[in-house]
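Before any comments, here is the structure.
Values in this text are rule-based calculations from the coordinates and carry no lab data. Keep in mind that what you see is a predicted model, and the values were worked out from it rather than measured. Note: ideal-geometry Cβ built from the backbone for every residue, glycine included; neighbour counts use all protein chains shown.
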Amino acid sequence: MERGMRQKVAVLDFGGQYAHLIVRRCRELGVYSELFPHDIPAKELVKEGTRAIIFSGGPKSVYESDAPTCDPVVFELGVPILGICYGAQLIAHLKGGVVRRAEQREFGKTDFFIDKEDELFHGIRRRITVWMSHSDRIEELPNAEILGHTEHSPLAAFRIRGENVYGVQFHPEVHHTESGKEIIGNFLFRICGLERNWELKDFVRRAIEEIRREVGDKKVICALSGGIDSTTTALLVHKAVGDNLTCIYVDHGLMRKNETEELLETFKRLKLRVVHVDAKERFMRRLKGVSDPEEKRRVIGEEFIRVFEEEARKLGRVDFLAQGTIYPDRIESARAQSGARASRIKSHHNVGALPERMNLRLIEPIKDLYKDEVREIARELGLPEEIIRRHPFPGPGLAARIIGEVTEEKLRICREASFIVEEELKKSGWYDRVWQAFAVVGDDLATGVLGDERRLGHIVIVRVVESVEAMTADFARLPYDVLENISRRITNEVEGVTWVAYAISSKPPSTIEPC
Ligand code: XMP
């Protein structure tokens, strides 16, 4: 929404795992913020309406030859800068200081002592607990005022003399840092003089107006999957243009148990105009004999586009395609293209090629939002709680959870077992505490006993992860009795399963979905 014009906080991404959290904290404080590549030219930042710059943390050491750096001109813009962790070390390095490997790594909670009054620490207690995660430390910084220290970091917070350039060695964006949000708030409001300009309630009104202005009385289509992103998008567009929006729901046969029936019912309640396409057989036919994960995704993506295009053509002239792209999707693909992660980790299927093929203009009303923000908007728009709280589900559906060829038998096992996993998590109160939870099935068989008889059956792998925005993930430390119930029910209730295993790999190096 009026993106170029709004005053914003630019967070420069030096590869740290918490970079997104910084953006989110700024938004929570009511100031619009976006993540940019660390080497974005300073003039681009000016064009973007940047009024504050934050350097994120990152895994490198500033003294290494391939360490990421920033355009030096950013220091000449007169825009205040706050460096966090690697960001602080980079400022020290570029301003003539010395950064070296520390004898004592600081990791986790540490006591931080404020040594000097400064706006950055206005209203903050003199001694707070902060979150640290670094192996290097700033040893000297001649042009700086030292604002605070910890036991092992004599220069844990500083300000470059005569400039609005600050650095903190700790992570104020992380919840474990006491008063972290206040420190970021002090930077934005007291040092940068920013005003609050980001409120989600406003967002809905503005988004609807903007869509209405852009679309006029033309026709819009939307690929509706029933996930929160596409459903929220459809609702926003529907509020703007009413029945000039037609949604197409393609059932590729890879949905969760009872999902299609429940979704169609919900769409009806929301009064969305939906074309339901039952394409199960087409997809299964195309998937026959395909076992390579990338190939499976490609086939599903291609078939999806075909089905969607056929249906769309039946609607006559359509000018716009509404798509539920969200902010992390854009950042992920930008990172993947920038070479920071040169290889695409997985090709995420969407209707990417459609706008060009069908000469459609894209509407992406939630492209600047994080998942939590989408959830909030969805509530505001009256989306039912089941959809809002439902775990994310990949475009290729259960095919992403079936290792090897998608067969009817493996599909049944994956669907039934996943249903049990979700049901047990709901019962035990874990469902809302985790990011995703499902069952995986492959071709490996293991021996079991049924009565007196030994027989072979499938191995089901249960995957339950905690995550922030799916960038990184860790397995959920479920209590053994919850795992036991899941395992017992799967072997008892799902025909053809003899073993149940729990996936304990984190992302990285694994991904959340196995295929
Ligand atoms: P991975 O498996 O890459 O997944 O760790 C990260 C997140 O993305 C979801 N995912 C997808 N979402 N289309 C989607 O819309 C896809 O093709 C797709 N593949 C994975 C996955 O469920 C997880 O939340």
Subject >> GluC sites (Glu not before Pro) within the stretch 413-515: DSSP coil, no more than 15 neighbouring Cβ in 10 Å >> reply: Glu495
Original post:
Among the listed pairs Lys367/Lys507; Lys218/Lys296; Lys296/Lys427, which are separated by more than 30 Å between their Cα atoms?
Top reply: Lys218/Lys296; Lys296/Lys427
**OP:** List the trypsin sites (Lys or Arg not before Pro) within the stretch 64-147 that fall in a DSSP loop (any state other than H, G, I, E or B) and whose Cβ has at most 15 other Cβ atoms within 10 Å.
**Re:** Lys116, Arg125, Arg126
**OP:** Quote to one decimal, in nm, the extra length available between Lys314 and Gln104 on full extension: 0.36 nm per residue of separation minus the C-alpha distance between them.
**Re:** 68.9 nm
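Net charge within 12 Å of Cys192 by Cβ-Cβ distance, Lys/Arg positive one each and Asp/Glu negative one each, not counting Cys192 itself? Could the numbers behind the result be given before it?
On the way: positive: Lys8, Arg51, Arg190; negative: Glu119, Glu195.
Combined, the nearby Lys, Arg, Asp and Glu give +1.
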**OP:** Specify, per residue and in Å³, the volume enclosed by the convex hull of the alpha carbon atoms belonging to the stretch 8-191.
**Re:** 98 Å³
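Shape verdict for the stretch 203-388, please, from the Cα gyration tensor: rounded (a/c under 1.5), prolate (a/b greater than b/c) or oblate.
Numbers: a/c = 1.43, a/b = 1.21, b/c = 1.18.
Rounded.
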Original post:
Angle, helix 259-269 long axis vs. longest principal axis of the chain, Cα atoms, 0 to 90°, nearest 10?
Top reply: 80 degrees
Original post:
What length, rounded to one decimal in nm, is gained on full extension from Asn143 through to Lys43, with 0.36 nm per residue of separation minus their alpha-carbon distance?
Top reply: 33.4 nm
Original post:
Which whole-number percent gives the relative contact order of the chain, counting Cα pairs below 8 Å spaced six or more residues apart?
Top reply: 10 percent
Subject >> Degrees, to the nearest 10: 293-313 long Cα axis against longest axis of the chain >> reply: 70 degrees
Subject >> Radius 14 Å from Cβ of Val98, net charge of other residues (Lys, Arg +1; Asp, Glu -1) >> reply: +1
Original post:
Extension gain Arg190-Thr447, at 0.36 nm per residue separation less the Cα-Cα distance, in nm?
Top reply: 85.9 nm
**OP:** Would you list, by chain and number, the aspartates and glutamates whose Cα falls below 14 Å from the Cα of Lys8, excluding same-chain residues fewer than 8 positions away?
**Re:** Glu28, Glu34, Glu44, Glu48, Glu195, Glu199, Asp368
Original post:
What are the residues whose amide H is under 5 Å from the amide H of Gly395, where those residues sit 5 or more places off or on another chain and H is modelled from the backbone?
Top reply: His349
Original post:
Using modelled backbone amide H atoms (1.01 Å from N, in-plane), which distant-in-sequence or interchain residues come within less than 5 Å of Leu224's amide H?
Top reply: Ile248, Tyr249, Val250
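If you average the sequence gap of Cα pairs under 8 Å that are 6 or more apart and divide by the length of the stretch 375-497, what percent do you get for the contact order? Please report the intermediate quantities before stating the final value.
On the way: 153 pairs, mean separation 27.0, N = 123.
Relative CO of the stretch 375-497 lands at 22 percent.
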Original post:
For the stretch 398-458 and the stretch 356-386, what is the separation of their Cα centres, given in Å?
Top reply: 31 Å
Original post:
Any idea what angle helix 371-380 forms with the longest principal axis of the chain, computed on alpha-carbon atoms, 0 to 90 degrees, nearest 10?
Top reply: 70 degrees
Original post:
Using the C-alpha gyration tensor of the chain, what are the square roots of 5 times its eigenvalues, in whole angstrom, with the largest one first?
Top reply: 44, 30, 20
Original post:
Can you list the residues, at least 5 places off or on another chain, whose amide H is less than 5 Å from the amide H of Glu106, using H built in the peptide plane?
Top reply: His134
Original post:
Which ³J(HN,Hα) values in Hz, rounded to whole numbers, follow from the phi angles of the stretch 495-505 under the Karplus curve 6.51 cos²θ - 1.76 cosθ + 1.60, where θ = phi - 60° and Gly and Pro get x?
Top reply: 4, x, 10, 10, 10, 10, 10, 10, 7, 10, 8
Original post:
Per residue of the chain, what 222 nm ellipticity follows from adding -39500 (n - 2.57) for every DSSP H run with n ≥ 4, rounded to the nearest 500?
Top reply: -10000 deg cm²/dmol
Subject >> Inter-label distance for Lys239 and Glu210, nm, one decimal - labels placed 7 Å from Cα along Cα-to-Cβ >> reply: 1.4 nm
